[in-house]
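> The structure follows.
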Amino acid sequence: MAVTRKDATSSEPLKVLVLPELKVSDIDPARIVFNQTWGYLENLTQPLVEWSPDGQLRAGVAKSWEWVGDELHMHIQDNYRTVDGLRITADDAAFSLKRVIVMARNTHGFIADFLCGDHAITNVDDNCPGIVADGNTLKLRPIKGKAFLLKMLTAMDFAILLRSQVDPKTLEIQSFRNSTGPYHLDLDASGQMHLSANTSHWRYSDKMPQKITYIPADRNRRPKDPTLRLPFEMYLDGEIDVLQNFTTDRAELYPVTAKRDGKSILTPTVEIGRLMAVFTPRGMRELLPERRIAVGKALRRVIADVQQQQFDGSKPTEEFFATFGDGGLQPDELSQLRQKFASVAEDKDGEGISVALSTSMLKIEHALQFQMPKAHVDRSAEDYANGKTGVAEPHIVIAHTDSGWTEDLGLLAYSINMQDFFPGATEEGKKWLLHYAEVEDKEQRMKLLRELHYRALAEPWLIPIAAEPYYTLTRSPWTYQGPKLFNSGALWHLRRP
C-alpha cells in the first residue's frame, strides 16, 4: 500500500535508486559489464554521436562530421562549457578513445583493431595513426570497419571524458564535476551523490529534471510486502521517483507497481530484451549437442511458462535477434531448427546439470527445482560473472541481454565478449567479428550473421526463452520521452509539463 505523499515538483530533486557500493571510479566506459554502468554514463557523459529516440544518428560531442576520403572528420562542440567553464576539445576525444584501448577492457567493440591495427599502444600519448586531434577536429582513419565506425561510436564504451578529470598515471576517473554529459556529479559531506543539469549542454531542457539525488539501496533491508522487491516498495512509498530496467530487474513488477500507484506512467520499449539460457565453456565441454537441446527445451518450457504467468509483456521466442530486425532467421532456417529440436526428447529431470540464475529469479528457481528435480539450481549467476572466488562454473547461465533492432556491431561485440556467442572462445569470436566488419556488401554480412545465429541456436550454445520489453516507470508530472527501439538509462529524457 502506497503512503500519502506529495507529487514530485520541478523544484524538488528527482530521487533515483543506485547500487549501494557505487563509487565515482566505477562509472567508467572501460568497465561496462552490467547495464547500470551504461545508464550512469548516459547521464554524465556523451559519445561522439548518439541515436535519437527514433533511431537516427545525431550529434553528440561531435556537433557534425563528414567523410573526407577515408578519414572521418568529427567537429567537436565549441559552445558548451562545463560547470567550471571548461571546454571539450578534440584532444579530450582522442584521449578518451586511446584510454579505452590502453585499458583494454571495453565490451562493446574492438576499436583498437579498427583504428590502430597492428600499431600497439600502451600509453595514451602513444601514436595511433587512426586517431588524430587536429585543432578542434578529431580525425579517425579506420583500417577496417568503415561502414560500422559511426554506429559503433554510439556505445557508451566510447563516451568522451575530459582529460583533466582523469588521473594521468592510473587513468582512473577522479571526478564527473566537469563532464561531457547533460549532468555533472557532486558529492555532499556524507558522500551521497547528486546530479545537476549542465545548462549549456546541447541536450539541456528546462523541462528535464534539474537536480537528481542518488539514493543508495540498502542490501540488508527487506520489503514489507513479500510480493515486491525493495525498489518497487521504495517507489510506492515515495522514497524514489523513477524506476528503470537500468536500476532494477523483475520486469513483471513494473505493470503491477504502476497499477498499485495509480498516478504513474509506464513506458515500454519494443520487445528487444532477451531472457536466454547460455551454455558456459563447461557446458559445451561436458554436454553433447543432443543433451544441450534436451536440457534447453526443458528450460525454455519451464521458464517461459513462469514468465508468462507473471506478466503479459513476456513472449516466448525461438530466436535471439528480433524478427523485425537484422539477423533474424529465414523461414526455411527456422523450419530446420524446429525439426532438429522436435527430434530430441526433453530432459525432464536435469540429472547432473548445474544451472545458475540471477539473484532475482526466485520463482524460476522454485519452478526448475520442482520440474527438473535432479538438476542443481542456484542464484549465483552474478557471482560467476564477476569471477567470485569459490563459485563453481555452472553448465548453464540464465541471463538477460539486449538483442538490438538493427545491425549493431557494438551489441555483437558485447555478446561475444560476454561469451553469449563463441562461448569460452572470445578470440574466435573477435576474429569472426573483424572479418564480418570487412565485408562491404550488406547482403553478404546478413548472410554471415544469420549463419552465426543459426549455429548458436542449432548446435546449440544459446537457447532464447522469452522476448521482453524494458520499462520506465515515472510518477506525475514526469513522463519518459526516450527511445522505444533500445534500452536507455538517460534521465534527461524525462519531461514535465
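The values are calculated or read from the model by the stated rules, or taken from the named source; none is laboratory data. All values derive from a computational prediction rather than experimental measurement. A quick note on method: Cβ atoms are made from the backbone with ideal geometry, for glycine too, and the neighbour counts reach across all protein chains shown.
> For residue 257, which of the numbered conditions (1) surrounded by fewer than 21 Cβ atoms within 10 Å (Cβ to Cβ); (2) not acidic (Asp, Glu); (3) not assigned by TED's automatic domain parsing to the domain that holds residue 355 fails to hold?
Result: residue 257 passes all but (1).
> Applying the selection to the range 445-492, what residues are in contact (Cβ under 8 Å) with a residue 24 or more places away in the chain, part of a helix (DSSP H, G or I) and of a type outside the set (Phe, Trp, Tyr)?
445, 446, 449, 450, 452, 453, 456, 457, 458, 491
> Tell me which of these residue 377 doesn't satisfy, since it passes every other one: (1) in contact (Cβ under 8 Å) with a residue 60 or more places away in the chain; (2) within 27 Å of residue 250 (Cβ to Cβ); (3) hydrophobic (A, V, I, L, M, F, W, C).
Answer for residue 377: the failing condition is (1).
> Let me ask another. Residue pairs, Cβ under 8 Å, 6 or more apart or interchain, first in the range 10-37 and basic (Lys, Arg), second modelled with pLDDT under 85. List them.
31/105
> What residue, among those in the range 176-190 that are among the small types (Gly, Ala, Ser) and either modelled with pLDDT of 95 or more or surrounded by 18 or more Cβ atoms within 10 Å (Cβ to Cβ) (or both), is nearest to the chain's Cα centre (by Cα)?
181
> Quick check on residue 290: is it in the same structural domain as residue 345 (by TED's automatic domain parsing), free of Cβ contacts under 8 Å to residues at least 60 places away in the same chain and farther than 23 Å from residue 53 by Cα?
yes
> Right, next: One residue is enough: does the range 221-239 have a residue meeting the conditions among the polar types (S, T, N, Q), part of a loop (DSSP other than H, G, I, E, B), surrounded by fewer than 16 Cβ atoms within 10 Å (Cβ to Cβ) and under 26 Å from the mean Cα position of the chain (by Cα)?
No, that holds for no residue.
> Within 19 Å of residue 162 (Cβ to Cβ), without any contact (Cβ under 8 Å) to a residue 60 or more places away in the chain and not aliphatic (A, V, I, L, M): is that true of residue 130 in this structure?
So residue 130 fails the test.
> A further question follows. In the range 141-167, how many residues are at pLDDT 90 or above, touching a helix residue (DSSP H, G or I) at 6+ places or on another chain (Cβ under 6 Å) and farther than 27 Å from residue 40 by Cα?
1
> In this structure, does residue 296 turn out to be small (Gly, Ala, Ser) and either part of a loop (DSSP other than H, G, I, E, B) or without any contact (Cβ under 8 Å) to a residue 24 or more places away in the chain (or both)?
no
> Quick one: which of 318, 333, 290, 346 is at pLDDT 95 or above, among the acidic types (Asp, Glu) and either closer than 17 Å to residue 459 by Cβ or not in a loop (DSSP other than H, G, I, E, B) (or both)?
Step by step, each of 318, 333, 290, 346 is checked, and only 290 is at pLDDT 95 or above, among the acidic types (Asp, Glu) and either closer than 17 Å to residue 459 by Cβ or not in a loop (DSSP other than H, G, I, E, B) (or both).
> Also: The conditions are (1) in a helix (DSSP H, G or I); (2) buried (at least 20 other Cβ atoms within 10 Å of the Cβ), and residue 355 fails exactly one of them. Which is it?
Answer for residue 355: the failing condition is (1).
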